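Asks: Have a look at this one before I ask anything.
The values are calculated or read from the model by the stated rules, or taken from the named source; none is laboratory data. Nothing here was measured: the structure is a model prediction, and the numbers come from that model. All Cβ positions, glycine included, derive from the backbone under ideal geometry; neighbour counts span all protein chains shown.
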Amino acid sequence: MKKIWTTLLLGWTLTAFTGCAPKAPQPTESTSYEPLTVEVPARPAGQKDVIELTAPALDTVRVGFIGLGMRGLSAVERWTHLPETRIVALCDLLPPNVERSMKIVRNAEREEPATYTGDETAWKQLCERPDIDLVYIASDWKHHAEMGVYAMEQGKHVAIEVPAALTLDEIWSLVNTAERTRKHCLQLENCVYDFFELTTLNMAQQGLFGEVLHVEGAYIHHLEEFWPYYWNNWRLDYNRAFRGDVYATHGMGPACQLLNIHRGDRLTTLVAMDTKAVTGPELVKQFQNEEAPDFQNGDHTMTFLRTLEGKTIHIQHDVMNPRPYSRMYQLTGTKGFANKYPIEQYVFQPEQLQQADLPDPENLNSHAPVSDSVKEALMTQYKPRILRELEEKAREVGGHGGMDFLMDYRLVYCLRNGLPLDMDVYDLAEWCCLAELTRLSIENGSAPVAVPDFTRGAWDKVIGYRHAFAR
Ligand SMILES: NC(=O)c1ccc[n+]([C@@H]2O[C@H](COP(=O)([O-])OP(=O)(O)OC[C@H]3O[C@@H](n4cnc5c(N)ncnc54)[C@H](O)[C@@H]3O)[C@@H](O)[C@H]2O)c1
């Protein structure tokens with residue numbers, strides 16, 4: 001009754017104010033349309049999907065690194081802490097970068113690796129070595145897919161830094177090569193191993209949030225201090241040349257794992273929108289001393305995605321402007337809520353926590369976050385196995401607080417035990433496809449774009465995301 005009176009009153013007020021009854025805006029013409037689509041190449045004859053792919057267990061994981069800049073160097077350092085591994089070869093175009101990594105290996109008193117340097121294609125020789133099981137790629141974006149494909153063709157598993165591919169052609173060639181060669185093709189998405197994300201994923205899998213309906217993720221990082229250090233200016237050049245979310249994987253990874261993407265649900269459509277490019281052209285002027293009216297990447301890009309099961313994802317990208325670092329990581333469920341940035345928070349329907357042994361349960365309500373002591377108690381109670389076993393070591397070795405070490409550790413663990421990896425080539429495809437698909441949406445007035453099913457029909461073969469463990 002109260003609602004009816006409010007509506008009547010609001011209608012009367014508007015009528016009195018405008019002198020006529022309020023009218024809902026009408027569409028000017030009927031708008032029945034399909035989303036924009038991109039081609040999905042047919043699976044080559046004789047080829048099967050690689051869902052839950054396993055490979056023969058390896059006693060020792062013999063690795064070769066390509067790309068030893070800021071990121072590759074720290075990867076080599078982390079690997080010196082991984083038992084049952086051998087760093088067989090190091091490759092970078094620039095000899096001083098190889099030398100810096102070599103020093104790290106020597107200081108760790110590991111066997112001296114072979115080196116490849118000084119030539120644009122020296123990395124191919126590394127891939128061709130018969131004594132390497134895994135090629136670890138941390139070069140600039142332009143080289144990722146080509147290196148990954150070649151390494152798999154030489155019979156190697158590959159791990160490729162984010163984003164592993166930037167075009168749909170690159171994505172399909174990685175998918176097709178992984179399917180044909182039956183080699184693991186993993187994207188090194190470290191944010192799915194952040195301690196808060198891992199713990200929250202476990203809570204979600206135990207049903208603490210009810211049904212997870214909406215997830216937000218982002219890469220908001222003011223890269224001001226990094227721009228001068230990228231080899232050959234690759235990152236700014238890429239942003240200059242391409243519109244759309246070119247670095248979506250840190251937000252997409254955790255969101256897609258929460259929503260069991262290609263493990264019972266799949267992405268169907270996206271729409272994207274960006275601001276104009278302001279800071280990007282200024283950076284070109286600052287570092288290259290030239291005007292850049294052609295600069296493509298908007299300062300801030302937003303993407304909305306929908307899934308077949310009626311869930312939604314919101315992803316943001318801003319590397320240009322002064323904002324606190326944020327990957328957002330926020331989830332809304334029917335029985336609870338989680339948020340990582342700017343502060344870690346959980347909200348639950350009180351009955352969700354009734355069985356739990358919590359420090360101050362009388363204060364639970366569904367409008368305010370749980371207290372810090374309840375949050376800590378829950379995070380301890382729901383600490384996933386990976387963290388229970390490795391948190392201390394991960395903190396000690398480090399790499400973004402330890403998540404980088406967990407990522408490398410899990411890769412080695414799964415390879416040594418012949419298990420499916422935590423992320424497969426379809427995860428890579430789904431998280432990377434935003435680069436080209438958001439551009440398509442933005443360049444067509446933010447039109448909806450259909451997200452291809454990169455599994456080509458195998459998206460519900462496995463139900464629910466899980467980490468694999470040896471018996
Ligand atoms: N996951 C994360 O948190 C994270 C953090 C930083 C960077 N990254 C990713 O890591 C990758 C590398 O980034 P970076 O910051 O180290 O960049 P960088 O410019 O410091 O390093 C790139 C390296 O690739 C080398 N390289 C280029 N062409 C080569 C070739 N043909 N053969 C051999 N080496 C070649 C360069 O010499 C350089 O040392 C990027 O994909 C980036 O997005 C990820």
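Asks: With a cut-off of at least 1 residues that are over 19 Å from LYS335 (Cα atoms) and either of a type in the set (Lys, Arg) or within 11 Å of the ligand (Cβ to nearest atom) (or both), name the helices (runs of 4 or more DSSP H) lying wholly within the stretch 193-268.
Replies: Of the helices (runs of 4 or more DSSP H) lying wholly inside the stretch 193-268, those with at least 1 residues that are over 19 Å from LYS335 (Cα atoms) and either of a type in the set (Lys, Arg) or within 11 Å of the ligand (Cβ to nearest atom) (or both) span 234-241, 249-258.
Asks: A follow-up question, please. Does ARG240 satisfy the condition of being free of Cβ contacts under 8 Å to residues at least 60 places away in the same chain and crowded, with 19+ Cβ neighbours inside 10 Å?
Replies: Values: free of Cβ contacts under 8 Å to residues at least 60 places away in the same chain: yes; crowded, with 19+ Cβ neighbours inside 10 Å: yes.
Answer is yes for this residue.
Asks: In the stretch 157-173, what residues are within 19 Å of LEU126 (Cα to Cα) and over 16 Å from the mean Cα position of the chain (by Cα)?
Replies: Matches in the stretch 157-173: HIS157, VAL158.
Asks: Looking at (1) crowded, with 22+ Cβ neighbours inside 10 Å; (2) away from the ligand (no atom under 16 Å from the Cβ); (3) of a type in the set (Val, Ile, Thr), find the lone condition where THR181 falls short.
Replies: Unmet for THR181, out of (1) crowded, with 22+ Cβ neighbours inside 10 Å; (2) away from the ligand (no atom under 16 Å from the Cβ); (3) of a type in the set (Val, Ile, Thr): (1).
Asks: Just one of ASP404, ASP357 is of a type in the set (Asp, Glu) and surrounded by 20 or more Cβ atoms within 10 Å (Cβ to Cβ); which is it?
Replies: The conditions single out ASP404.
Asks: Inspect all residues belonging to the stretch 118-125 and state whether any of them is within 25 Å of VAL425 (Cα to Cα) and either of a type in the set (D, E, K, R) or more than 9 Å from the ligand (Cβ to nearest atom) (or both).
Replies: Yes - at least one qualifying residue is present in the stretch 118-125.
Asks: Restricting the search to the stretch 45-99, which residues are without any contact (Cβ under 8 Å) to a residue 12 or more places away in the chain and either outside the structural domain of ALA138 (by TED's automatic domain parsing) or surrounded by 14 or more Cβ atoms within 10 Å (Cβ to Cβ) (or both)?
Replies: Within the stretch 45-99, ALA45, GLY46, GLU99 meet the criteria.
Asks: Moving on. Do we have LEU186 as crowded, with 17+ Cβ neighbours inside 10 Å, within 16 Å of the ligand (Cβ to nearest atom), in contact (Cβ under 8 Å) with a residue 12 or more places away in the chain and not in a loop (DSSP other than H, G, I, E, B) here?
Replies: Answer is yes for this residue.
Asks: Select from the stretch 447-471 the residues that are under 16 Å from LEU437 (Cβ atoms) and either in a loop (DSSP other than H, G, I, E, B) or more than 21 Å from the chain's Cα centre (by Cα) (or both) and list them in ascending order.
Replies: Residues satisfying the conditions are ALA447, PRO448, VAL451, PRO452, ASP453, PHE454.
Asks: Count, please, the residues in the stretch 74-83 that happen to be within 21 Å of the chain's Cα centre (by Cα) and either among the aliphatic types (A, V, I, L, M) or near the ligand (Cβ under 8 Å from one of its atoms) (or both).
Replies: Of the residues in that region, 1 qualify.
Asks: Tally time: how many residues in the stretch 126-150 are away from the ligand (no atom under 12 Å from the Cβ), buried (at least 18 other Cβ atoms within 10 Å of the Cβ) and in contact (Cβ under 8 Å) with a residue 60 or more places away in the chain?
Replies: Selection size over the stretch 126-150: 3.
Asks: Return the residue satisfying two criteria in turn: it lies in the stretch 415-444 and is farther than 27 Å from PRO41 by Cβ and surrounded by fewer than 23 Cβ atoms within 10 Å (Cβ to Cβ), and of such residues it is farthest from the ligand (Cβ to nearest atom). Spell out the reasoning first.
Replies: So the first thing to find is which residues in the stretch 415-444 are farther than 27 Å from PRO41 by Cβ, and the list is 415-419.
This time we only want the ones that are surrounded by fewer than 23 Cβ atoms within 10 Å (Cβ to Cβ), so: 416-419.
Working: ARG416: 23, ASN417: 24, GLY418: 26, LEU419: 22 Å.
Only one residue fits best here, namely GLY418.
Asks: While we're on this one: Inside the stretch 98-177, counting only strands (runs of 3 or more DSSP E) that do not spill past its ends, which hold 3 or more residues that are closer than 21 Å to ALA57 by Cα?
Replies: 134-137, 157-160
Asks: Taking the stretch 423-449 only, how many residues are farther than 13 Å from HIS262 by Cα, touching a residue at least 40 places away in the same chain (Cβ under 8 Å) and not hydrophobic (A, V, I, L, M, F, W, C)?
Replies: The number of residues fulfilling the criteria is 8.
Asks: Would you be able to say whether some residue in the stretch 105-113 is near the ligand (Cβ under 8 Å from one of its atoms), touching a helix residue (DSSP H, G or I) at 6+ places or on another chain (Cβ under 8 Å) and outside the structural domain of HIS317 (by TED's automatic domain parsing)?
Replies: no
Asks: In the set ALA218, ALA164, which member is in contact (Cβ under 8 Å) with a residue 12 or more places away in the chain, within 28 Å of ALA394 (Cβ to Cβ) and in contact with a Leu (Cβ under 6 Å, 6 or more places away or on another chain)?
Replies: Matching residue, one of ALA218, ALA164: ALA164.
Asks: Ok, one more. From the list GLY398, GLY298, exactly one residue is on the phi > 0 side of the Ramachandran plot and either modelled with pLDDT of 95 or more or under 20 Å from the mean Cα position of the chain (by Cα) (or both). Which is it?
Replies: Values: GLY298 fails: on the phi > 0 side of the Ramachandran plot.
Step by step, each of GLY398, GLY298 is checked, and only GLY398 is on the phi > 0 side of the Ramachandran plot and either modelled with pLDDT of 95 or more or under 20 Å from the mean Cα position of the chain (by Cα) (or both).
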